[in-house]
Amino acid sequence: QVQLVESGGGLVQPGGSLRLSCAASGSISSINTMGWYRQAPGKERELVASITSNGSPNYADSGKGRFTISRDNAKNTVYLQSNSLKPEDTAVYYCNGNIRPMWTTKYIEVWGQGTLVTVSS
């Protein structure tokens, strides 16, 4: 079994910062691209940022300027540093990973359970 577990969400005031973490665990052979998505109430899930196995980041428009994605391959963990948060950043943030389990040569897409970020005064 392979899973992703997010942490770090919570309530933050406008202009504040949060650091989200997502750790992969289980019988993992390798991890390719990892990413962060978010889904606001009544809206579709959207990409915030992704990062390749060699550390090259890619930011969607929603993530440019105020979000920084990084990863620690030794810990199978990806991070999302979020700064200058706005009320419109309120959403459930999901971690996504393209992971090759030990029992197969194929990569599978794995999602975390999500962590709620609420930006409000």
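The values are calculated or read from the model by the stated rules, or taken from the named source; none is laboratory data. Quick caveat: nothing in here was measured; it's all calculated off a predicted structure. All Cβ positions, even for glycine, are placed from backbone atoms using ideal geometry, and neighbour counts span all protein chains on display. Side chains are part of the model used for accessible areas, which takes the heavy atoms of the whole protein and leaves out ligands, DNA and RNA. Shrake-Rupley method; radii C 1.70, N 1.55, O 1.52, S 1.80 Å.
What to note about this one:
- Cα-based convex hull, the chain, per residue volume (Å³, whole number): 92 Å³
- Lysines whose Cα lies under 28 Å from that of residue 64, excluding same-chain neighbours fewer than 8 positions away: 43, 75, 86
- Computed over protein heavy atoms with a 1.4 Å probe, the accessible surface of the chain works out to 52 Å² per residue.
- log₁₀ of I(q)/I(0) at q = 0.19 Å⁻¹ - the range 4-63, Debye sum with one point per alpha carbon: -0.91
- Using heavy atoms of the protein chains and a probe of 1.4 Å, the accessible area assigned to residue 111 is about 90 Å².
- Using the Cβ-Cβ distance between residue 46 and residue 104 with R0 = 22 Å, the FRET efficiency computed as 1/(1 + (r/R0)^6) comes to roughly 0.15.
- Only protein atoms count toward the accessible area here, which uses a 1.4 Å probe; on the chain, the carbon and sulfur part of that area reaches 46 percent.
- Under the simplified labelling scheme, the residue 54-residue 72 pair shows an inter-label distance of 2.4 nm, with each label point 7 Å from Cα along Cα→Cβ.
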